[in-house]
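Beneath this line is the structure, given in structure tokens, with notes to follow.
The values are calculated or read from the model by the stated rules, or taken from the named source; none is laboratory data. Everything numeric here is computed off the predicted structure, so don't read it as measured data. Methodologically, a virtual Cβ is constructed for each residue, glycine included, from the backbone with ideal geometry; neighbour enumeration extends over all protein chains shown. The protein model used for the area step is the full one, side chains on, heavy atoms only, and it has no ligands, DNA or RNA in it. Shrake-Rupley method; radii C 1.70, N 1.55, O 1.52, S 1.80 Å.
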Amino acid sequence: MKDFYEVLGVRENATLSEIKKAYRKKVKDLHPDLTGDVSQKDKFDEVVKAYRGLSDARQRSIFDESFILRFKKQNRQYDSFDYYKWLSERDDEESRAKLIFFTLMHQKEDEAVAEFKKMQMNHSDFSLKKWFTREDFMDYGYILAEELVIRSEYYDAFLLLEQIIKMEYSYQYFYIFFPEVIDFTLNILKKNIDRVIPDELALDVYERALDLNLGKANDRFFLQKMGEEYERLGDNETAQICFNESRK
């Protein structure tokens, strides 16, 4: 197998945008329909294969690991390659996202949670799902949410599960694991929000929960809790609106 990075002419830690940019340039230079040169077809096919391998997070991870193993056998100087160190030394969002899930799955749960919270704090638009396949994001995201709950980080756990739920709603069919995600999310909403996290954050959670289509009975519960939160904050008028809506 050829080195996909070499085929596209990008560095091994290239971001997804850099890979896409390099691919578009190669396509313009090699596509037979654009150049009229059919002799470049084999090179064009290699570029397409390389792009498919590196643009999909899961396939790229598989390629990285398998290519490194093959290269280590050919060159002893790479015997000490440390993928964890390699990711840790990079500060781009893609590498930090991969580092979170890598540490999570290699008995470094505290580090994974700390890195996730740091990225959430420093980057308002940080999103793990951007860098992983649907299945990987749901599986690993669920595990990360569990670790957050273990550490009583209920607000961050809910925000992560919210991303998973909204992602699933965008598909025509649900991943088989989805019901467990819903049950886990509802358990947090009913047991770990009210009087557990600050009232302002609780209100944010319940308002977001109303947008998740979790059923009328659950929506009534969220509205009731919102009314109670507003009462504690001294906003009795808004509290009464929530109570009235919960009775409909």
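Rounded to the nearest 20, the size of the Cβ-charge dipole of the stretch 115-248 about its Cα centre is 220 debye, with Lys and Arg at +1 and Asp and Glu at -1. Rounded to the nearest 10 degrees, the angle from helix 16-30 to the longest Cα principal axis of the chain is 40 degrees. The alpha carbon convex hull volume per residue for the stretch 93-180 rounds to 92 Å³. What angle, in degrees between 0 and 90 and rounded to the nearest 10, separates the Cα long axis of helix 93-104 from the longest principal axis of the Cα atoms of the chain? That works out to roughly 70 degrees. For the pair ARG247 and ASN213 in one chain, pulling the backbone fully straight at 0.36 nm per residue adds 10.5 nm over the alpha carbon distance.
When all alpha carbon pairs of the stretch 113-164 are counted in 5 Å bins from zero, the resulting P(r) reads 4, 21, 33, 29, 11, 1 %.
Here, the stretch 134-183 is characterised by an Rg to Rh ratio of 0.97, where Rg is the alpha-carbon radius of gyration and Rh the Kirkwood radius.
Stretched out straight at 0.36 nm per residue, the stretch from LYS118 to ARG220 would grow longer than its current Cα-Cα span by 33.3 nm.
Once the C-beta distance of SER152 and ARG24 is scaled by a Förster radius of 41 Å, the resulting FRET efficiency is 0.35 to the nearest 0.05. Gap in Å between the Cα centre of the stretch 171-248 and the Cα centre of the stretch 103-151? Centre-to-centre (Cα) distance: 23 Å. Magnitude of the charge dipole for the chain, about its Cα centre and with charges confined to Cβ atoms of Lys, Arg (+1) and Asp, Glu (-1), is about 960 debye. Rounded to the nearest 10 degrees, the inclination of helix 154-169 to the longest alpha-carbon principal axis of the chain is 60 degrees.
Residues in the stretch 185-193 carry Karplus couplings, in order, of 5, 5, 4, 5, 4, 8, 10, 10, 10 Hz; the curve used is 6.51 cos²θ - 1.76 cosθ + 1.60 with θ = phi - 60°, and Gly or Pro positions show x. In the chain, helical runs assigned H by DSSP with n ≥ 4 each contribute -39500 (n - 2.57); averaged across all residues and rounded to the nearest 500, the mean residue ellipticity at 222 nm is -22500 deg cm²/dmol. Residue separation of ASP125 and LYS85 scaled by 0.36 nm, minus their Cα-Cα distance, works out to 11.9 nm of gained length. Here LYS26 is the anchor, and the lysines within straight C-alpha reach of less than 22 Å, apart from those fewer than 8 places off in the same chain, are LYS2, LYS41, LYS43, LYS49.
Among PHE101, GLY53, LEU159, which residue has its Cα positioned farthest towards the positive end of the charge dipole of the chain, with +1 placed on the Cβ of Lys and Arg, -1 on the Cβ of Asp and Glu, and the dipole taken about the Cα centre? About the Cα centre, the residue reaching furthest to the positive side is GLY53. Can you pull the accessible area of THR103 for me, 1.4 Å probe, Å² to the nearest 10? Rounded to the nearest 10, that gives 0 Å².
A run of the chain free of exposed loop cleavage sites, with chymotrypsin sites (Phe, Trp or Tyr not before Pro) counted only in DSSP states other than H, G, I, E and B and at most 14 other beta carbons within 10 Å, reaches its longest extent at 82-170. Candidates [x] 32, 21, 15; [y] 26, 20, 18; [z] 45, 22, 15; which is the computed semi-axes √(5λ) of the Cα gyration tensor in Å? Only one listed value fits the structure, namely [z].
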